[in-house]
Amino acid sequence: MAPRNGTGVPEAMSALAIRVHGEYREMPGLRLTVRQAARLFSLTPDLADAVLHELRRASVLACSNDGAFALVGEPSREPTAVAAANAATTETEHMSTQADWRAVRWVIERGVAGSSRVPVAPLGVG
């Protein structure tokens, strides 16, 4: 890792790399592909690629599996096992609620819960 000056920026970085690093620090959570960085910073794709990789080599940026560059140490937006489990739990809870309403409807339609004249809402409402 390159030695750092008092601002936490590696001393051997180009002026353009320092500018791009500043943009990342001003926008927490920023994740850019080479193409997006080229457009945002008004650079050619080759120059954007060079500067992003310079920052990666200086341990300022990390590159994810999808090719997006973000500041080192910032949380990734890639799906994690916890996020996938939470999504599955939410879907299961939704399905369980639908099954509960189907059971209620079945009871009401068959008059088991009293009068068979109880109004029944269509499925999916509730």
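One table, with the values for the structure above:
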| item | result |
| --- | --- |
| In region 44-72, residue nearest to the chain's Cα centre (by Cα) [restricted to those that are under 17 Å from MET13 (Cα atoms), touching a residue at least 24 places away in the same chain (Cβ under 8 Å) and in a loop (DSSP other than H, G, I, E, B)] | VAL60 |
| Any chance MET1 is surrounded by 16 or more Cβ atoms within 10 Å (Cβ to Cβ) and at pLDDT below 90 | no |
| Region 33-43 - residue that is closer than 19 Å to ALA15 by Cβ and hydrophobic (A, V, I, L, M, F, W, C) and, of those, farthest from the chain's Cα centre (by Cα) | LEU43 |
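The values are calculated or read from the model by the stated rules, or taken from the named source; none is laboratory data. Quick caveat, the model's predicted, so the values are computed rather than measured. Neighbour counts run over all protein chains shown; Cβ positions are idealised from the backbone, glycine included.
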